[in-house]
Amino acid sequence: MADTTMDRYLNLLGLEPGATLDEVTTTYYSHLEKLSKNPTEEDERLLQQLKHAYACLRRAYVPPPPKGLSVAVNTRVLFPVMAVLAVVLGAALFMMNRGNIKMMITRYEPGVVLRWEGKSAPYGQVVAYDARHRFSTGGPSAAYQIRLADKNETIWLSERIVVKAMLPAGSAIAPATPASVGAPAAPGPNVAPANAPR
């Protein structure tokens, strides 16, 4: 393989063919530091050759592309793409947790009349809220005591059911929900009569 001019200049600096421009610059300045302290005539000649080699390399040397897998990062593209991904990820996290967020910010005060989502008839009126109500099954959990509209009976409903499946009676009717979300047929583990032990 014939020695090219650029390879000779790299060799003069003590570098192998394929060196990067950063390596060329670093090596050149380290040679300058060594040769500039008490230079002899031979050092002066070498210094001139190094300056000429460095000038030529800076003007015309193009290092070969790196071998193997390498990804060039263009910050003009990377930052907007990362911003869009952050927004999409934030929106996805919000959508996955919107039920929990609604649970944290929704509180019905005593006296509010509620209805099932998708129904227009009032279901009952909030009487009380208990953050640690004990249902007959399971551990303590947040619950609302509701006086039923058509009876003079009060029941306890899980906060999750009230917040996710009920609306204040004066609000607009939401689209119909699946039958499983409609009024319960019979009290289940999350519905307890008001006289049940706490």
Tally the residues that are hydrophobic (A, V, I, L, M, F, W, C), out of contact with any Pro (no Cβ under 8 Å at 6 or more places or on another chain) and part of a loop (DSSP other than H, G, I, E, B), restricting the search to region 118-170. 1
Which condition number in (1) among the small types (Gly, Ala, Ser); (2) surrounded by 11 or more Cβ atoms within 10 Å (Cβ to Cβ); (3) in contact (Cβ under 8 Å) with a residue 24 or more places away in the chain is the one that residue 121 fails? (2)
Would a scan of region 102-114 turn up a residue that is free of Cβ contacts under 8 Å to residues at least 60 places away in the same chain, outside any loop (DSSP other than H, G, I, E, B), surrounded by 16 or more Cβ atoms within 10 Å (Cβ to Cβ) and out of contact with any His (no Cβ under 6 Å at 6 or more places or on another chain)? yes
Would you be able to say whether some residue in region 48-65 is among the polar types (S, T, N, Q) and modelled with pLDDT under 85? no
From the residues in region 72-101 that are part of a helix (DSSP H, G or I), of a type in the set (Val, Ile, Thr) and at pLDDT below 80, which one is nearest to residue 159 (Cα to Cα)? 101
Step by step: first the residues of region 25-57, then only those that are small (Gly, Ala, Ser) and closer than 15 Å to residue 15 by Cβ, then the one that is surrounded by the fewest Cβ atoms within 10 Å (Cβ to Cβ). Which residue is that? 30
How many residues does region 142-198 contain that are in contact with a Ser or Thr (Cβ under 6 Å, 6 or more places away or on another chain), at pLDDT 85 or above and of a type in the set (Val, Ile, Thr)? 1
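The values are calculated or read from the model by the stated rules, or taken from the named source; none is laboratory data. Just so it is clear, the structure is predicted and the values come from calculations on it, not from any experiment. Using ideal geometry, Cβ is built from the backbone for each residue, glycine included, and neighbour counts are taken over all protein chains shown.
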